[in-house]
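Step one of this worksheet: look at the structure below.
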């Protein structure tokens, strides 16, 4: 395990190696005041409400940090033994401290790119007209021939939204610019004629292997509607190329957005490298190797049938390559979530979302290709994460993972799990597959899922967190940015209250306690990333990652948790924001 500069001498072999450091710090922490006479702390928090998220969920008032690790956590009021003239002391006056939040499923490069585009989302805009007005303003400010890019088009949240085919974009937005609008779900994009031409997509272009479609009308003409990420490579290549320095700038801006939400570690499940013209991974590496990296990044490659013979990279605590990510199905908002019972036939599903009558969705690859991919990844030592939204998709994913030989050791994951069945969760627990839930489907789209997409009965079983706890799962919660803004506090609120954006309760029986919800974005997420010995709780010997909050989520009205302010986020004992 690689460590950067430390005031404590550690043995060097192939770079710095971690040898007994945690044990040493544990002993030093236990010695209390005697430790301070040997070497002063770098940072002391005191008069705080510290929720450690240790095994007993204990609370403390004082946190002491040396180098990048915690050397004391407890209730001692006399802190002078740890101080010298260089020690920073922060009196928190009762404010709450939690372990740094861990977002176990997100897409940092895609977020850095898409959050720069014109915001046409239903999160920002109330109506389609308002979103299109923002897009037209961008057109007026952009020279002819340059790209117009919009992110967040939402057929559900935007009043009077419609599908944006090529003819509409040519007529209403611009025929003098290439135009690319991506839906909030990221599973559908809309292009005008010039954008199709720039990307070299014609009526004869075949659909890619691995899911996705260049949709055509009854005459075989491209509509400009394109589904799933496998179709997008030609469009990314056609965008103006960034410089490496611009990539660093954009990624640091996105990391700042994570930090502002209290996040100190992210899991990039499928590193969607869509920085045009440069390597987003190299950008992330350069930031991780800097003097002050603001985020820990654990990432999963996008798994393909052409997986190279390579091994996980787990030497660095700031950037680690740990797994492979696969997709069984897609999104409930494009009709590609694979489900047992069909989608409801409503104006929203059949007309606005263009989901065929009585559709059950579909899977991305044929079963034999999945089997070959999973077996190869497992044999090479990778942790496997599988996107599975629907009940049918989750059973397919479970069957694939059940045939690997190392599930318990690897902690293979299943992602999103909108409609996972109780029996599937039980079987997952028996073989050691761990769930990560995209809980804020309940918050943002719970009403529409209940009334128009899958019906009340199935909606009440969305993201069945309580069922997962019945089988002792280390469940986690995620926001899947850029689909939803990074907000662990909103994820906690939704898990505890099960309420939608309108205040409607969706599946109240699946609500969990505040303790379990906090664990889901701290220690459980660390466990899923094989990092629970280093991060996820505030204990002696662990990395000094923590967040300072304006209020205590343990005692505040649970419907107000998302309103808690993040005052500061620290990574490795240094203030990131």
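The values are calculated or read from the model by the stated rules, or taken from the named source; none is laboratory data. Predicted, not measured: the structure shown is a model, and the values here were computed from it. Methodologically, a virtual Cβ is constructed for each residue, glycine included, from the backbone with ideal geometry; neighbour enumeration extends over all protein chains shown.
Quick notes on this one:
- Checking each residue in the range 555-577 for being in contact (Cβ under 8 Å) with a residue 60 or more places away in the chain, closer than 27 Å to residue 41 by Cβ and in a loop (DSSP other than H, G, I, E, B) picks out 572, 573, 576, 577.
- Selected residue [at pLDDT 95 or above, within 22 Å of the chain's Cα centre (by Cα) and under 23 Å from residue 316 (Cβ atoms)] from 563, 510, 528: 528
- There is no residue in the range 159-171 that is part of a loop (DSSP other than H, G, I, E, B), out of contact with any helix residue (DSSP H, G or I) (no Cβ under 6 Å at 6 or more places or on another chain) and at pLDDT 95 or above.
- Just one residue in the set 393, 385, 397, 402 is over 23 Å from the mean Cα position of the chain (by Cα) and under 21 Å from residue 339 (Cα atoms); that residue is 402.
Results for (1) surrounded by fewer than 22 Cβ atoms within 10 Å (Cβ to Cβ); (2) under 25 Å from residue 480 (Cα atoms); (3) in the same structural domain as residue 161 (by TED's automatic domain parsing), shown as yes or no for each residue.
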{"site": "325", "(1), (2), (3)": "no, yes, no"}
{"site": "331", "(1), (2), (3)": "no, yes, no"}
{"site": "345", "(1), (2), (3)": "yes, no, no"}
{"site": "350", "(1), (2), (3)": "yes, no, no"}
{"site": "369", "(1), (2), (3)": "yes, no, no"}
{"site": "374", "(1), (2), (3)": "no, yes, no"}
{"site": "386", "(1), (2), (3)": "no, yes, no"}
{"site": "419", "(1), (2), (3)": "no, yes, no"}
{"site": "426", "(1), (2), (3)": "yes, yes, no"}
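- The condition of being surrounded by 14 or more Cβ atoms within 10 Å (Cβ to Cβ) and either free of Cβ contacts under 8 Å to residues at least 24 places away in the same chain or more than 21 Å from residue 227 (Cα to Cα) (or both) does not hold for residue 151.
- Checklist (1) closer than 20 Å to residue 492 by Cα; (2) more than 22 Å from the chain's Cα centre (by Cα) applied to residue 462, failing item: (2)
- Residues of the range 205-224 that turn out to be within 24 Å of residue 304 (Cα to Cα) and exposed (fewer than 13 other Cβ atoms within 10 Å of the Cβ), as a count: 1
- Evaluating residue 381 against the criteria (1) surrounded by fewer than 20 Cβ atoms within 10 Å (Cβ to Cβ); (2) farther than 29 Å from residue 458 by Cα; (3) in contact with a strand residue (DSSP E or B) (Cβ under 8 Å, 6 or more places away or on another chain) leaves one unmet condition, (3).
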